[in-house]
Each structure stands twice: as structure tokens, then as C-alpha cells.
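The values are calculated or read from the model by the stated rules, or taken from the named source; none is laboratory data. Just so you know, these numbers come straight off a predicted model, no measurement behind them. Reconstructed Cβ throughout: ideal geometry from the backbone, glycine too, with neighbour counts over all protein chains shown.
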Amino acid sequence: MGVINVTPDSFSDGNRYLTVDQAVAHARMLIDEGAHILDIGGESTRPGALPVTLEEERRRVLPVLERLADCGVPVSLDTQKPELMREAIAAGASMINDINALAVPGALEAVAGASAAVCLMHKQGDPRTMQQAPRYGDVVREVRDYLVTRIDAAERAGIRRERLVIDPGFGFGKTLEHNLALLRGLAQIAALGVPVLAGLSRKSMLGKITGREPGERVFASVAAAVIAAEHGARIVRAHDVAATHDALAVWAAVTGSQNLNQ
Ligand code: 7PM
């Protein structure tokens, strides 16, 4: 899964199309590099980030989604807003990637009537403050139990299990030790039988390990992606798609997993 950030711009509406063109060009490059899914995000969920309004998020992502609706790979929208989930599905999104696991009022209903896939992610706290003091007894167990409750909630709302993907939410209210424990124990989450998505790309846990800035975390991210795959992740969310794709192609060949180019 290749990440497309539709970055905020400080320019007038007259220049906004440039941002859309850039996002679409970036998407096409990631597809060339081997991305099988694209994830579009218009609201930063980085620790400490402030929320954006519905109108602003819509203006950022819908034009990009519309232009990518028939790009040849499924397109996911990273959003927490039920209204935008509906609009995105109508505009051709194949997946909703919700860091709130459809726990916001109206979110379950927004996707239930459609056929789009849904990624249910775990986080502790809210992005503004979640990295201040993450606390767990047994992090793998707590994350797994939470995901079970969200899978149940989704199924009760009429979203069939086949539509679901689960994600431990690396970095979302977790210390380095919590993140490492989750990566080590990822197979216990994969054992739920719902495909696991792992997002480790360029994250600060890799900065803590390597001492490097986000742009210099490619090698660390590729290592983390392969480890996640080895521990049962079925989808890896990545900024550096070419590098990640080749590494996973080697992993897939060794393990006899489906050829990544098919
Ligand atoms: C700063 C820090 C900016 C972290 C952006 C991020 C995930 C996600 C993100 C994830 C799923 C990023 C993150 N991370 N969605 N959205 N899983 N499902 O690396 O791990 O892009 S935002």
C-alpha cells in the first residue's frame, strides 16, 4: 500500500490544482513501482497534529480520488469523518482506512451499506496527546482484544468480515518498547484470521532505533516491512514503494507466498 499525502498548501484556490496534479503524478509513480493499493490522506494524524475541517479535507482528497478512481489499483481513503467516507466511496474509493476503527458516531453506518473494504486500526488516546504517556499491561493482548471488539462492532453493523483489515497502529499511543512488542507478537493478531495491515514506514520508532530523520529511514522501513510480512502482515503501508516492493518480492519468493507481481 503506497502512501499519497495530499499535503496542505498555503496557496490560493488557483494553485490548488497543482497539488492535485502532483498527488496524481505521485500515485502513478507508486503504481509503476509496484504498489497494489494507494492510500490517500488529507488530514495529518501525526502525533501533535491538529484536526482539519470536513470542508478542507474534502477539498484536498476528493479531486485526487476522482482522478484515481480508474487508475488500475484499489484506492483507500485515510479519514476519520463519516461524511467523507460516504463521499469517497461514491467517488470510487475501494477502502476506508480509519485510525478510529469506525468508532466515531456514524462511521459504521457510513460504510455498512457499501461494499468497500475497511481498515480498523488500534490507537491509544487522540493524536494530539497520544505519545505523552502510552500505558499498557500486555500491549499485544490489549491491541488484539480491542481489534476483536471493533471486528464484532463492524459485523453487528452489517459489515462482513471479508471486507475487514486490521492494524495494530504502530506509533499511535505506543512507546518504542510497545511497538517492538507488537511487531514481535504480530502473529497473535494475524491469528484472528482477518488480514493484517502494518504501517511502519518512516515512523519515529525507526528514528529512535537508527538515529535518522524521516527522509533517511528507507532502509529501516524496508527491514521493518519484511519483518512485518514474516510475522503475518498481508498489507504493508509504505512511502518508499520501489524499495519495499523488491524486498517483499525476495521475502515472497523465499516463503513461497504469492508472487508480488501477479
Ligand atoms: C507523521 C507521523 C505523519 C505518522 C504521518 C504518520 C498509519 C495510518 C498513518 C498506520 C494505518 C504515516 C503516519 N499511519 N493508517 N496512517 N496504519 N492504517 O506514517 O500505521 O503516514 S499516518
Across segment 75-92, what is the total count of residues that are within 14 Å of the ligand (Cβ to nearest atom) and in a loop (DSSP other than H, G, I, E, B)? 2
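Mind listing whichever residues of segment 25-65 are assigned to a helix (DSSP H, G or I), of a type in the set (Val, Ile, Thr) and out of contact with any helix residue (DSSP H, G or I) (no Cβ under 8 Å at 6 or more places or on another chain)? Spell out how you get there, then give the answer.
Residues of segment 25-65 assigned to a helix (DSSP H, G or I): 25-32, 54-65.
Now narrow it down to the ones that are of a type in the set (Val, Ile, Thr): 31, 61, 64.
Answer for segment 25-65, where residues must be assigned to a helix (DSSP H, G or I), of a type in the set (Val, Ile, Thr) and out of contact with any helix residue (DSSP H, G or I) (no Cβ under 8 Å at 6 or more places or on another chain): just Ile31.
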Unmet criterion (only one of (1) within 14 Å of the ligand (Cβ to nearest atom); (2) over 20 Å from Arg202 (Cα atoms); (3) surrounded by fewer than 20 Cβ atoms within 10 Å (Cβ to Cβ)) for Val61: (3)
Just to be sure I understand the filter: pairs with C-beta atoms under 8 Å, separated by 6 or more residues or on different chains, first member in segment 28-47 and under 17 Å from Ala243 (Cβ atoms) and small (Gly, Ala, Ser), second member more than 9 Å from the ligand (Cβ to nearest atom) and in a loop (DSSP other than H, G, I, E, B). Which pairs pass? Gly34/Leu260; Gly34/Asn261; Ala35/Val73
Here the residues within segment 210-244 that are closer than 18 Å to Val165 by Cβ, basic (Lys, Arg) and within 12 Å of the ligand (Cβ to nearest atom) are Arg237
Mind listing whichever residues of segment 232-247 are assigned to a strand (DSSP E or B) and either in contact with a Ser or Thr (Cβ under 9 Å, 6 or more places away or on another chain) or crowded, with 21+ Cβ neighbours inside 10 Å (or both)? Ala233, Ile235, Val236, Arg237, Ala238
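Only residues that are of a type in the set (Asp, Glu) and surrounded by fewer than 19 Cβ atoms within 10 Å (Cβ to Cβ): list them for segment 88-118, please.
Glu109
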Of the residues that make up segment 161-179, is at least one within 20 Å of Ser115 (Cα to Cα) and basic (Lys, Arg)? yes
Do we have Arg163 as within 17 Å of Ile99 (Cβ to Cβ) and among the charged types (D, E, K, R) here? no
Note: among Leu38, Leu68, Leu62, Leu30, just one is touching an Asp or Glu at 6+ places or on another chain (Cβ under 8 Å), of a type in the set (A, V, I, L, M, F, W, C) and modelled with pLDDT of 95 or more, namely Leu62
